[in-house]
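The values are calculated or read from the model by the stated rules, or taken from the named source; none is laboratory data. From a predicted model like this one, the values you see are computed outputs, not experimental measurements. Cβ placement follows ideal geometry from the backbone for every residue including glycine, while neighbour counts extend to all protein chains displayed. Note: accessible area is taken over every heavy atom of the protein model, side chains too, but ligands, DNA and RNA are not part of it. Shrake-Rupley method; radii C 1.70, N 1.55, O 1.52, S 1.80 Å.
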Amino acid sequence: MHKARKRFGQNFLIDNRIIDRIVATIAPKCDDSLLEIGPGQGAITLPLLDYVDQLNVIEIDRNLISMLESLKHPNLIIHQGDVLKFDLNTLPTPIRVVGNLPYNISSPVLFHLLENLDKIKDMTFMLQKEVVERMVANNGSKIYGRLSVMMQAFFDVQMIFIVPPESFSPAPRVESAIVHLKPLTQAKTKDIKALEKVVKLAFSQRRKTLRNCLKSILTQEQTAIDLFQRAEMLTIDNFITLTQDHEKQH
């Protein structure tokens, strides 16, 4: 029996009804190029293997890897290592990414996958509920921020359902939620890095106006967007405009 390891943020899913709902949300087809991040003890891995010809999983914990290897499943390809260093070019595209993301690295993983947007068909994750709430938040809301803007600029983001703590062992102190991200047919901008720079600065001091936060890169004369507002008031399209206005200065 594997004991959950705190340093990897492990909480294992043990609720079969929830597992069935997650698999139904993913709706795997036999020829999907599926990548599961952090398969853990295989709660979602095993049911997925019933549907797909090939399942790639990436896991950092060697103990769990030997457990997965002991399944000797012919369709399971195990990659040992850190997802943030994993090269998605090694997999057939477009990739469908799934996983129960450890809460401590969920944002870095989302941003790493965003950089590989062109290879991704869709993503279905279990995350801390408040992270999902931030991802789907609208402007004007207290929890609308960098994650909301960066995800919604490139994906259609939907919270699918909530997963209670008792569905896990050990039970986390927080609720989780399933989120589905599908790349927009027409991304609002091609330049992820430029948008990221503007958004990060804009939200760097939430209490201050954009004029203060962006003064190192943009003045009011250079944009039609009112910089006397706070970042949380701006729509995704406003941020795209700010980024384009900033780019024009260079």
Notebook entry, point to check: What does the convex hull of the alpha-carbon atoms of the range 52-103 project to on average, in nm²?
Noted result: 4.2
Checklist line | Charge context of E196, other residues only, Cβ under 12 angstrom, K/R +1, D/E -1 | finding: +2
Checklist line | Label-to-label distance, nm, for residues given as L117 and K72 (7 Å Cα→Cβ offset) | finding: 4.5
Next item on the list: Return P(r) of the chain (all Cα-Cα pairs; 5 Å bins starting at 0; whole %; ordered from short to long distances).
Entry: 1, 6, 13, 16, 17, 15, 11, 8, 6, 4, 2, 1, 0
Margin query: So if I take the centroid of the Cα atoms in the range 75-121 and the same for the range 218-240, what is the distance between those two points in Å?
Written below: 32
Item checked: Under 25 Å, Cα to Cα: Lys pairs in the range 74-183, sequence gap 8 or more or different chains -> 9
Checklist line | For q = 0.15, 0.17, 0.19 Å⁻¹, Debye-computed log10 I/I(0) when each Cα of the range 1-110 counts as one equal scatterer | finding: -0.61, -0.80, -1.03
Next item on the list: Kindly identify the range 173-245 as rounded, prolate or oblate by the Cα gyration tensor criterion: order the square roots of the eigenvalues as a ≥ b ≥ c, call it rounded if a/c is under 1.5, otherwise compare a/b with b/c, prolate if a/b is larger, else oblate.
Entry: oblate
Next item on the list: Mind listing the long-range amide H neighbours of I120? Cut-off is under 5 Å, sequence gap 5 or more, other chains count too, H placed in the peptide plane at 1.01 Å from N.
Entry: I95
Notebook entry, point to check: Quick one: ranking Y103, Y51 by accessible area, 1.4 Å probe, largest first, what do you get?
Noted result: Y51, Y103
Notebook entry, point to check: Can you give the charge dipole size of the chain about its Cα centre, rounded to the nearest 20 debye, using +1 on the beta carbon of Lys and Arg and -1 on the beta carbon of Asp and Glu?
Noted result: 940
Checklist line | Estimated FRET transfer efficiency (D156, K215; beta-carbon r; R0 51 Å; 0.05) | finding: 0.90
Margin query: Would the range 140-214 count as rounded, prolate or oblate if I go by the C-alpha gyration tensor, calling it rounded below 1.5 in a/c and otherwise prolate when a/b exceeds b/c, oblate otherwise?
Written below: oblate
